[in-house]
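Visitor: Please read through the structure below; I'll follow up with questions.
The values are calculated or read from the model by the stated rules, or taken from the named source; none is laboratory data. Not measured: the values here are computed from a predicted model. Virtual Cβ from ideal backbone geometry, glycine too; neighbours counted across all protein chains shown.
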Amino acid sequence: MESTTRSYRTGGEDVVLDITRDAAEFVAGYGDGLLHLFVPHATAGLAIIETGAGSDQDLLEALAELLPADDRWRHRHGSRGHGRSHVMPALVPPYASIPVLGGRLALGTWQSICLVDLNVDNAERDVRFSFLAG
């Protein structure tokens, strides 16, 4: 298995960050197999969605409705509503697996791999990229 970790700055606001290009670069040159991505954080996740046509913003708005940044959360430290960030990975999991065929991601035409982060208190995120040859 080949594995590496990449770091991303997500900033101080809710974000859907497209990391598809990095994933494609990581698997380039490998044959067939499986790319597994993992976010080693309790407050971030990975989604495979269409980006650039509004779906990324729609996802953030849906999460804001489901997980409001208010004082309802028992997990209380950091910014207001921080507890929602700890619930989010139950809806947007911290992992994703994508088939790789001939060194290329076998994603659908409009699919992108995105890091989803609602935790405005932590602007630095790591994603582990692991390739398992088939």
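Visitor: Given the options 46, 67, 34, name the one that is within 14 Å of residue 91 (Cα to Cα), surrounded by 12 or more Cβ atoms within 10 Å (Cβ to Cβ), out of contact with any helix residue (DSSP H, G or I) (no Cβ under 7 Å at 6 or more places or on another chain) and not acidic (Asp, Glu).
Guide: 46
Visitor: Filter region 10-40 for residues that are farther than 24 Å from residue 100 by Cβ and at pLDDT 95 or above and give the result.
Guide: Scanning region 10-40 gives a single hit, 15.
Visitor: Now for a different question. Could you please give the count of residues in region 84-99 that are at pLDDT 95 or above, of a type in the set (Gly, Ala, Ser) and crowded, with 18+ Cβ neighbours inside 10 Å?
Guide: Selection size over region 84-99: 1.
Visitor: Okay, moving on. Which ones in region 1-29 are touching a residue at least 24 places away in the same chain (Cβ under 8 Å) and over 30 Å from residue 79 (Cβ atoms)?
Guide: The answer is 1, 2, 3, 4, 24, 26, 27, 28, 29.
Visitor: Could you run through region 78-99 and say how many residues are assigned to a strand (DSSP E or B), farther than 17 Å from residue 31 by Cβ and hydrophobic (A, V, I, L, M, F, W, C)?
Guide: 1
Visitor: Considering only region 110-134, state which residues are polar (S, T, N, Q), over 14 Å from residue 38 (Cβ atoms) and modelled with pLDDT of 95 or more.
Guide: Those that are polar (S, T, N, Q), over 14 Å from residue 38 (Cβ atoms) and modelled with pLDDT of 95 or more: 111, 112.
Visitor: Return the total of residues in region 76-103 being without any contact (Cβ under 8 Å) to a residue 12 or more places away in the chain and in contact with a helix residue (DSSP H, G or I) (Cβ under 8 Å, 6 or more places away or on another chain).
Guide: Looking only at that region, the number is 1.
Visitor: Take region 74-131 and flag every residue that is in contact with a Gly (Cβ under 6 Å, 6 or more places away or on another chain), of a type in the set (A, V, I, L, M) and over 18 Å from residue 56 (Cβ atoms).
Guide: Residues satisfying the conditions are 100, 123.
Visitor: Which of the residues spanning region 33-70 are out of contact with any Lys or Arg (no Cβ under 9 Å at 6 or more places or on another chain) and assigned to a strand (DSSP E or B)?
Guide: 33, 34, 35, 45, 46, 47, 48, 49
Visitor: While we're here: Starting from region 43-72, take each residue that is under 21 Å from residue 107 (Cα atoms) and list its partners that are acidic (Asp, Glu) and surrounded by 12 or more Cβ atoms within 10 Å (Cβ to Cβ), counting only C-beta distances under 6 angstrom and pairs at least six apart or across chains.
Guide: 51/18
Visitor: Sort out which residues of region 100-134 are assigned to a strand (DSSP E or B) and either exposed (fewer than 14 other Cβ atoms within 10 Å of the Cβ) or small (Gly, Ala, Ser) (or both), and write them in order of number.
Guide: The answer is 101, 104, 112, 124, 130, 133.
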